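Report on the structure given below.
The values are calculated or read from the model by the stated rules, or taken from the named source; none is laboratory data. Everything numeric in this text was worked out from a predicted model, so none of it was measured. Positions of Cβ are generated from backbone atoms using ideal geometry, with glycine treated the same way; all protein chains shown enter the neighbour counts. Only protein heavy atoms, including side chains, enter the accessible area calculation; ligands, DNA and RNA are left aside. Shrake-Rupley method; radii C 1.70, N 1.55, O 1.52, S 1.80 Å.
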Amino acid sequence: TRLWRGVIEEYRDRLPVSTHTPVVTLREGGTPLVPAPWLSAQTGCDVHLKVEGVNPTGSFKDRGMTVAISKAAEEGAEAVVCASTGNTSASMAAYAVRAGMRPVVLVPDGKIAGPKLAQAVVHGGVIAAVDGNFDDCLRLARELAETYPVALVNSVNPFRLAGQKTAAFEVVDDLGDAPDIHVLPVGNAGNISAYWMGYTEYAADRVATRRPRMWGFQAAGAAPLVHGVPVSAPDTVASAIRIGNPASWTLAVAARDESEGLIDAVSDEQILAAQQELSGREGLFVEPASAAGVAGLLQYAREGRLDPGQRIVVTVTGHGLKDVDTASSFYGEIRPYPVAAEAAAAAEALGLG
Ligand code: F0G
């Protein structure tokens, strides 16, 4: 076995870095591709989960951030800014402080999960709670970066997508080829675009013999790509993907169409049910947004719109501990059995007797 060095060192010749780039890394990437027996049984397919919640800050964002922050360091940036529904800001803050930069975070006031905000805080982020939604935050971040000495690291920064495409490389490296279908949640639409770039690059260089169909799923109340028009007041329990006007709109639609794939919507109920199935059947706790892909896959299987026998990879994008409140409230009040510290009494209370 060999130590994983982080996505820049692992895929250096495929990334926009040179010997002059100071590598800012937390050894992100190299995440497990886990077989999903329950999902495979439900769908009649060979389903694997790409578990991105094990990245250093708990989401896939670290892949793009190592590249974006390394390039910002190369260019001499002293401060970086992003708009975020929580995970990008957590990741940016961690990598920025590592590089000695000031992280400036714009989040929609009251609309991001507590643990994500805590991450930005502990990493020394300067945090603005913006009176508006994510789309307003992104517009503001762009305006600040245009006028003031601060580098923008949202996924409109091409270095972010370049870093994120490494997840597709890892899938092919693990499976020996691309899957038939790649499923994932879609919010600002950077990740689906990045995976498509990665699969396309590997196919062009004959590392893979083919490219998968890309299946993206948005939350029903925040599904601009499904409707074909921006949503002015996006709403969903999955706060990470509560986005009405995705920055990578054109790239995502191209990924969908070139791959003969689809982008569809799933309800909040389906998202929470899928999150529960992942925890209760596969043993993987993911945040609500991360379950949107699984929710969509289950819907298509149930409706007979998924041919059996295919190899499928589903990206689960962030860790369940990122949003404990939503998960706990779905399960109702948590009431463990009160037991004495004595075996016979405990066994009786716990139904083991
Ligand atoms: N899943 C999680 C857990 C996310 O945090 C995000 C996006 C997505 C899926 C959607 O990915 O935007 O590339 O289509 N979170 C961003 C953020 C918007 O600010 O953390 P996407």
### Summary
Within region 307-340, residues modelled with pLDDT under 95, of a type in the set (A, V, I, L, M, F, W, C) and open to solvent by 30 Å² or more (accessible area, probe 1.4 Å) come out as V324, F330, I334, V339, A340
### For A247: the one exception among (1) more than 13 Å from G190 (Cβ to Cβ); (2) in contact with a helix residue (DSSP H, G or I) (Cβ under 7 Å, 6 or more places away or on another chain); (3) open to solvent by 10 Å² or more (accessible area, probe 1.4 Å)
(1)
#### Entry: Hey, P22 assigned to a loop (DSSP other than H, G, I, E, B), within 15 Å of the ligand (Cβ to nearest atom) and in contact (Cβ under 8 Å) with a residue 12 or more places away in the chain or not
no
### Task
Considering each of T209, T250 in turn, give the residue that is in a helix (DSSP H, G or I) and without any contact (Cβ under 8 Å) to a residue 40 or more places away in the chain.
T250
## Note on the structure
Of the residues in region 70-99 that are part of a loop (DSSP other than H, G, I, E, B), more than 8 Å from the ligand (Cβ to nearest atom) and closer than 22 Å to E143 by Cβ, the one that is least open to solvent (accessible area, probe 1.4 Å) is A77
### Task
Among the residues of region 10-24, write down those that are in contact with an Asp or Glu (Cβ under 9 Å, 6 or more places away or on another chain) and among the charged types (D, E, K, R).
E10, R14
### Query
Within region 160-174, is even one residue assigned to a loop (DSSP other than H, G, I, E, B), farther than 24 Å from A220 by Cβ and either within 16 Å of the ligand (Cβ to nearest atom) or β-branched (V, I, T) (or both)?
yes
### Message
Suppose we keep only residues that are under 21 Å from the mean Cα position of the chain (by Cα) and outside any loop (DSSP other than H, G, I, E, B) within region 1-13. Which one would you say is surrounded by the fewest Cβ atoms within 10 Å (Cβ to Cβ)?
### Response
E10
#### Entry: Flag for N154 being part of a loop (DSSP other than H, G, I, E, B), over 21 Å from E9 (Cα atoms), open to solvent by less than 10 Å² (accessible area, probe 1.4 Å) and within 14 Å of the ligand (Cβ to nearest atom)
yes
### Summary
Exactly one of P224, P185 is open to solvent by less than 40 Å² (accessible area, probe 1.4 Å), closer than 23 Å to G53 by Cβ and at pLDDT 95 or above, and that residue is P185
### Message
Against the condition under 16 Å from G58 (Cα atoms) and either out of contact with any helix residue (DSSP H, G or I) (no Cβ under 8 Å at 6 or more places or on another chain) or open to solvent by less than 10 Å² (accessible area, probe 1.4 Å) (or both), how does Q164 come out, does it pass?
### Response
yes
### Query
Taking I112, is it within 14 Å of the ligand (Cβ to nearest atom) and part of a loop (DSSP other than H, G, I, E, B)?
yes
## Note on the structure
When region 25-41 is checked residue by residue, the ones that are surrounded by fewer than 24 Cβ atoms within 10 Å (Cβ to Cβ), assigned to a helix (DSSP H, G or I) and out of contact with any helix residue (DSSP H, G or I) (no Cβ under 6 Å at 6 or more places or on another chain) are P37, S40, A41
### Query
Looking only at helices (runs of 4 or more DSSP H) that fall completely inside region 258-353, which ones have 3 or more residues that are among the small types (G, A, S) and under 18 Å from A189 (Cα atoms)?
292-302
## Note on the structure
(1) within 16 Å of the ligand (Cβ to nearest atom); (2) hydroxyl-bearing (S, T, Y); (3) outside any helix (DSSP H, G or I) all hold for Y199 apart from (3)
#### Entry: Tally of residues being open to solvent by 30 Å² or more (accessible area, probe 1.4 Å) and of a type in the set (A, V, I, L, M) across region 130-144
2
### Summary
The correct count of residues that are more than 19 Å from the chain's Cα centre (by Cα) and buried (at least 19 other Cβ atoms within 10 Å of the Cβ) in region 271-297 is 0
